[in-house]
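The values are calculated or read from the model by the stated rules, or taken from the named source; none is laboratory data. Values in this document were obtained by computation on a predicted structure and should not be read as measured data. SASA here: full protein model, heavy atoms, side chains in, ligands and nucleic acids out. Shrake-Rupley method; radii C 1.70, N 1.55, O 1.52, S 1.80 Å.
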Amino acid sequence: MNAQDYKLAVFGQPVAHSLSPRIHRLFGEQLGIDVDYAAIESGIDELPERLASFRSEGGTGANLTVPLKPAGLKLCARVDRPARQAHAVNTLKLAADGWHGYNTDGAGLLLDLDRLGIDPAGRRILIVGAGGAVAGILGPLLAREPDCVHLVNRTADRARRLTDKFAHLGSIDGGGFDFGPGERFDLVIQSTSAGHASERPPLRREWLTETAIAYDLNYGAAHEPFANWCRNNGVSVHDGLGMLVGQAAQAFEIWTGRQPRITPVMTALARA
Ligand code: ATR
């Protein structure tokens, strides 16, 4: 393998804080693959131009992050099913006919749930939030055949609109935080961005079974408000760092054909 056989980058705004360059460098070291992975600042309007100049400089693969994932869809010659379902692309790979688009967020979540020994099959899953992050995970999650999925969101209509789009894939419904008692879930996935404002969604302990497990798509400071609620209510909780590394591992495999292990990378990130 020649040096910099893989010229890669993450595009986003803001992008300076992204952990992706570090994660992909660690994957490359783990597998002995030389990757040159940059972080490129771009808004939605500049994306076509930035991507074209990246390609002309030899770029063959990219990640898209906030706010570019829906915009990426239009720039692709082909997109995979999760990206079509989510209406968002987080991974691009250059092919003969142009960029091929993928969405690895759902597969990344599943990879991390597998690592944690949490099998979604047969579970009653409560998803808190109904934004872009949820759109990315619903298709792959429903494919694992949970007993049911209920979306609860501050804006009830948004939850209903999203569940309508996925209703053909499994047992799923949604609404506001005022849904009636009697419903008990054994896996709760927290996807809202409330933690970025040091807030948490108004989740109620009685909606969960005694042994329910919680998974937060957030990590770091944004995870803390929900983590505190879980600790105070005796609910075991995992943060979303593993999903971040998992979605990156899936992207790395799309580009290189080799899937890295995520645990050593998470250990390295935690140490840093
Ligand atoms: P993302 O791509 O991270 O999902 P998003 O599409 O902006 O971002 O969605 C953010 C989600 O967090 C939404 O479900 C939002 O609820 P609304 O649809 O009602 O806006 C939710 N959210 C953000 N702040 C919240 C808060 N303080 N309490 C509860 N939900 C919140």
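Normalised by the number of residues in the chain, what is the relative contact order in percent for Cα pairs under 8 Å and 6+ residues apart? The partial results should precede the final answer.
Working: 538 pairs, mean separation 41.8, N = 272.
Computed value for the chain: 15 percent relative contact order.
Within the range 132-265, the proportion of Cα pairs with more than 18 Å between them is 60 percent.
Rolling a 1.4 Å probe over the protein heavy atoms of the range 192-247, with every protein chain left in place, gives an accessible area that is 48 percent carbon and sulfur.
The aspartates and glutamates within cross-link reach of LYS165, meaning a Cα-to-Cα straight distance under 15 Å and a gap of 8 or more places when in the same chain, are ASP157, ASP173. Using the rule -39500 (n - 2.57) for each DSSP H run of four or more residues, divided by the residues of the chain, the 222 nm mean residue ellipticity is -11000 deg cm²/dmol. Please list log₁₀ I(q)/I(0) at q = 0.17, 0.23, 0.27 Å⁻¹ for the range 125-193, using the Debye equation with identical point scatterers on the alpha-carbon positions. Here the Debye-derived log intensity ratios amount to -0.51, -0.98, -1.38. Database remark: amide H of GLY131 closer than 5 angstrom to no amide H (H placed geometrically; neighbours at sequence offset of 5 or more, or on other chains; Pro and chain starts carry no H).
Which lysines have a Cα less than 21 Å from the Cα of LYS7, not counting those fewer than 8 places away in the same chain? Those lysines meeting the cut-off are LYS69, LYS93.
At 1.4 Å probe radius, can you tell me the per residue accessible area of the chain in Å²?
Working: 12370 Å² over 272 residues.
Accessible surface, normalised per residue, equals 45 Å².
Using all pairs of distinct alpha-carbon atoms, the Kirkwood hydrodynamic radius of the chain works out to 19.2 angstrom.
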